[in-house]
Every structure is written in C-alpha cells, then in structure tokens.
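Notes follow once the structure below has been shown.
What follows is calculated from the coordinates using simple rules that are stated; it is not laboratory data. Here the structure is a predicted model, which is why all the values come from computation and not from measurement. Heads up, the Cβs are rebuilt from the backbone with ideal geometry, glycines too, and the neighbour counts pull from every protein chain shown.
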Amino acid sequence: MGQFEVIPLRAFADNYVWTIRDARCAAVVDPGDARPVLDYLDAQKLELVAILNTHHHADHVGGNAGLLGRWKAPVYGPHDERIREVTQQLADGARFTLPHFAIDFEVLEIPGHTRSHIAFHGGGMLFCGDTLFAAGCGRLFEGTPRQMHDSLARLMRLPDATRVYCGHEYTLSNIRFAKAADPENAALLELEAWARRRRDQGLPTLPSTIGQEKATNPFVRVREPAVVATANRYAGKPLQDPVSVLAAIREWKNSF
Ligand SMILES: [Zn+2]
C-alpha cells in the first residue's frame with residue numbers, strides 16, 4: 001500500500017464522492033454525479049482507475065456512466081441488477097485489491113437502508129454509503145430494523161480507529177436528534193461543538209471513526225439505559241430488545 005490521500009468531492013446538496021488519490025491516479029466511491037469528479041480529475045490531471053458503489057441509489061451511482069465514457073475502469077459493487085455499470089459483483093466476504101493503490105478491501109453486506117447495500121473495509125478505512133452516518137443511520141427503505149441493527153453491530157466490531165467515510169454530510173442534524181435520544185451523553189456535546197466549528201469553516205465533519213460512533217451514535221447505543229429510556233417514552237411502552245429500540249428511535253427520527 002503506497003501513499004495516498006482521501007479527498008471529499010461534494011455532489012448535490014450534501015453527498016460526498018470520496019476520492020482516493022495519489023499524484024497520478026484516483027479511485028472514487030459512490031459518484032452520484034460525474035461532473036464534480038471530472039472537474040477535479042481534470043484539474044489535478046488524474047487518471048481514474050476504479051469506481052466503488054455501495055448501493056443502487058441514483059445519488060451514489062448516477063455518475064458511473066459519465067466517468068466510464070471517459071476512462072475504462074472496473075466498477076466494484078453489490079449483486080444488484082439495478083446498477084448496470086458494475087463489472088465486479090461482490091458478495092459478503094469477497095476480497096479484492098484496488099488497482100494501482102494496492103489497498104486490500106473486504107466486502108461486508110450491510111442490508112437495512114437497501115437490501116443489497118455493501119461496505120468496503122480496508123487500509124484502516126470503511127466506506128459505508130448510507131448505512132452508517134456520523135451520529136446516525138440511513139432510512140430503512142428496503143430493510144428491516146433487525147437487518148439495520150445487525151449491520152450496524154457488525155460494523156461496530158471493526159477496530160475503533162477505523163476511519164468511517166459516510167455518503168452524506170448529515171452530522172449536525174443527526175446530532176440534534178441524537179441529543180434527544182441520548183440526552184445525558186457528554187461526548188455528543190463535544191462532537192457538536194467540534195462539528196459546528198468545522199461546518200462554520202466550510203470543512204467536512206467526516207471521516208468519523210468506529211470509536212466515535214460507539215460513543216455518540218444512538219443507533220449503535222441501543223443497549224444504553226439512557227437510549228432505552230427515551231425509546232420507551234416515545235413508544236409508550238417498555239421495549240424488550242435492542243432491535244425494538246432501534247425501530248422506535250428510527251421511526252421517531254423520521255418525524256423529528
Ligand atoms: Zn441511499
């Protein structure tokens with residue numbers, strides 16, 4: 001594994017196209033829009049060597065075709081016919097080496113936001129699309145609360161120092177809800193102050209880390225008494241298990 005940087009390219013209102021780059025080449029994760037990627041690669045005189053897709057939503061794959069019209073590159077993604085450009089369909093546990101960068105990635109299937117959502121884990125990094133966000137998680141469009149719970153629990157078993165590259169800049173609005181769901185969590189207040197300074201400077205609040213999520217994310221803290229208590233209050237009854245707690249706070253957040 002050589003020297004590389006990971007750069008956030010902004011797309012649409014709040015998407016990030018995470019771009020792994022060195023002096024000559026780049027690989028992009030979830031290019032929802034080709035334009036900002038083409039502009040950046042042209043300005044930096046970089047050659048595209050790979051595309052990674054975490055899930056089929058248009059704001060994550062809509063730029064595939066435009067980039068492939070310019071460069072011939074492999075597209076790593078899930079088994080899902082809805083992403084037509086994928087050339088390397090990957091199931092849980094699949095491993096591959098990112099061309100040029102020689103980063104070894106392992107694929108984790110993490111259903112919940114969509115049924116075929118995957119994450120890429122390697123080089124101390126996690127690209128997790130719309131499943132795990134800083135202090136939040138994705139909406140359950142195609143999956144169940146149990147699937148989301150199990151997917152998040154699986155990600156939390158990665159090393160604490162793993163850098164977490166999420167698909168959207170949602171941190172401050174997630175924290176607003178997280179403070180309601182986990183009201184006595186001092187780590188959340190610290191994170192909020194830091195995230196506000198970052199946003200005021202026009203900087204991203206990502207990557208997060210697995211350790212930070214364990215400390216601040218109510219959707220992975222569904223066994224914490226404070227989170228269980230607010231979930232019970234929302235549900236109007238005592239919830240018996242972590243999956244029910246996650247289901248309740250996910251529903252609560254949708255209307256928060
Ligand atoms: Zn999505």
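So here's what we get for this one:
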item	result
Among residues of the stretch 113-125, those that are among the hydrophobic types (A, V, I, L, M, F, W, C) and surrounded by fewer than 24 Cβ atoms within 10 Å (Cβ to Cβ), counted	1
Top-ranked residue in the stretch 47-90 [being acidic (Asp, Glu) and not in a helix (DSSP H, G or I); ranked as surrounded by the fewest Cβ atoms within 10 Å (Cβ to Cβ)]	GLU81
Residue in the stretch 123-131 that is within 16 Å of the ligand (Cβ to nearest atom), under 27 Å from LEU41 (Cα atoms) and of a type in the set (S, T, N, Q) present	no
Residue identified as farther than 20 Å from LYS72 by Cα, hydroxyl-bearing (Ser, Thr, Tyr) and touching a residue at least 12 places away in the same chain (Cβ under 8 Å) among TYR40, TYR16	TYR16
Residue tally, condition touching a residue at least 40 places away in the same chain (Cβ under 8 Å) and either in a loop (DSSP other than H, G, I, E, B) or among the aliphatic types (A, V, I, L, M) (or both), over the stretch 242-256	5
